[in-house]
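The values are calculated or read from the model by the stated rules, or taken from the named source; none is laboratory data. What you are looking at is a predicted structure, and each value in this text was computed from that prediction instead of being measured. All Cβ positions, glycine included, derive from the backbone under ideal geometry; neighbour counts span all protein chains shown. SASA here: full protein model, heavy atoms, side chains in, ligands and nucleic acids out. Shrake-Rupley method; radii C 1.70, N 1.55, O 1.52, S 1.80 Å.
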Amino acid sequence: MRTGAHRKQVHLAAHFPGVNSTTVWRDPRAGSQTEFASFVHLARTAERGLFDFFFLAEGLRLREHRGQVFDLDVVGRPDTLTVLNALAAVTERLGLAGTINTTFNEPHEVARQFASLDHLSGGRAAWNLVTSSDAFTGENFRRGGFLRREDRYVRAREVVELSRLLWEGWEADALAADAATGVFLRDGGVRDVRYTGEQFDVTARALLPRSPQVHPVLLQAGDSDEGREFGAAHADAIFTIHGTLEAGQAFTADVRARQARHGRAPEDVKVLPGAGFVLGDTPAEAAERAREIRRQQVGPEQAIAFVEQVWGRDLSGHDPDGPLPAEDPEPGAEITRGRVRHVRDPLAVAQRWRELAAANGWSLRELVIQVSDRQQFVGTPQQVADEIDLYVQADACDGFVLVPSLTPTGLDEFVDRVVPLLQERGSFRREYTGSTLREHLDLPTVRTPSTTGAR
């Protein structure tokens, strides 16, 4: 536990909600998920709060449930990179992070897109790397869904390695632009990038000079053993979830041990779990607000659909305020497409849920509210500031990606009431001291080896 002059600094990011039912989109105060003004409001609020970055997740296909588009999720959001490039023009210091899939995108194109964002934003770009082995999603792409699950991180690693070579493809002084001699590019300043791997065999030249950060910040989301290993080896920050202080400490310790095996120092990777928050003037008020928000997030339809994913059958005639279904799940049934399946043994999950429901007297909907709840901080502003700081000082993480429940004003209260308390205790900046996202995150300067290579 760190105190006094040795306090770790809390890192905060703002997640624009809307990929799933975290958003209370039926609330009368809720705004548009599509209008640019919504993105601007949340980004400017985060920048006013001196956050490290603004974060957009992304889905590549509309989720389907029981053969129809599942419209209880918030869908239809504009393209991630389009939104981030537009936000670069209306913010000054805030980092701009977006999710782009490594399975269905080509490294030359994506490397150029993120280098462009880094140039246009003055060094504030970040790429959240995700993988997919989902054939349903793959139907949208020329590649289709043929990539085997075990090849996901092979391709992701090669995408990162090739992108880094492309980002370094111009020497730092390659752009001469000498009006007197007429030399625009210094001779030898742009090198060929050669890469041979299992997924790619490429000879290319980067189309852009080195961007302000050289490498845009790399985020990684994935909690499997493969995901942790990939993040420890390649990421600058890991976006994860954990619900308790002890679980966070265990995750962070595991990542740090993996980093060391890859020759990386502890400060080379930031661990940033996603978390919600609910504030109140008293603990009781905050708890009541949290209960109401959860009931808005998990309405009767959402509760039934959530259970259907495990049971693998149509339960539309079942009472959400009644007990769990008496019949057992159908193993192997796929009733939902387009969402990551975390349930490996539905029979075991059903048994555990029945035991929880019986022990606590929960209805189906009440059970779903409990088991689908993500980490969140609930309390007075002082309590929330204390708990966030505790996680960071106890090495359970380096900060949090905050997910407000309301779009786009859900972050306002946190910035106004919690950030000043973190500042008072010396755990959070009072001003931006750098201009790039790497500086905000206290990441080391990029070291640039040769711009040619092969595997």
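Using the Cβ-Cβ distance between Arg194 and Glu431 with R0 set to 51 Å, the FRET efficiency from 1/(1 + (r/R0)^6) comes to roughly 0.70.
Using a 1.4 angstrom probe, figure out how much accessible area the chain has per residue, in square angstrom, rounded to the nearest whole.
On the way: 20150 Å² over 455 residues.
Ligands and nucleic acids excluded, the figure is 44 Å² per residue.
What do you get for the angle between helix 381-393 and the principal long axis of the chain? Use alpha-carbon atoms, 0 to 90 degrees, nearest ten. Roughly 60 degrees, rounded to the nearest 10. Relative contact order of the stretch 185-231: 21 percent, from C-alpha pairs under 8 Å at least 6 residues apart in sequence.
Residues of the stretch 156-174 falling in the label zone of Asp268, defined by backbone nitrogen less than 15 Å from a point 7 Å along Cα to beta-carbon, are 161.
Given the alternatives (i) 81, 53, 44; (ii) 56, 55, 44; (iii) 66, 58, 47, Cα extents along the principal axes in Å as computed for this entry is given by (i).
Can you tell me how much longer the chain between Glu92 and His6 gets when fully stretched, taken as 0.36 nm per residue apart minus their C-alpha distance, in nm with one decimal? Write out the running numbers ahead of the final one.
Working: separation 86, 0.36 × 86 = 30.96 nm, distance 2.93 nm.
Length gained between Glu92 and His6: 28.0 nm.
A viscosity of 1.306 mPa s and a temperature of 10 °C, combined with the Kirkwood radius over Cα pairs in Stokes-Einstein, give a translational diffusion coefficient for the stretch 223-367 of 87 µm²/s.
With R₀ fixed at 41 Å, the C-beta to C-beta distance from Asp386 to Asn360 puts the FRET efficiency at about 0.90. Distant-in-sequence amide contacts of Gly95, defined by a placed amide H-H separation under 5 Å and a gap of 5 or more residues or a different chain, comprise Phe53, Phe54. For the stretch 303-455, what class follows from the C-alpha gyration tensor (a ≥ b ≥ c being the square roots of its eigenvalues): rounded when a/c is under 1.5, otherwise prolate if a/b is larger than b/c, else oblate? Note, shape of the stretch 303-455 comes out oblate. Less than 5 angstrom separates the built amide H of Ile100 from those of Asn128, Val130, all sequence-distant by 5 or more or on a different chain. On the stretch 53-179, 48 percent of the accessible area sits on carbon and sulfur atoms, based on a 1.4 Å probe. In the chain, the calculated helix contribution to ellipticity at 222 nm averages -11000 deg cm²/dmol per residue, counting -39,500 (n - 2.57) for every DSSP H run with n ≥ 4.
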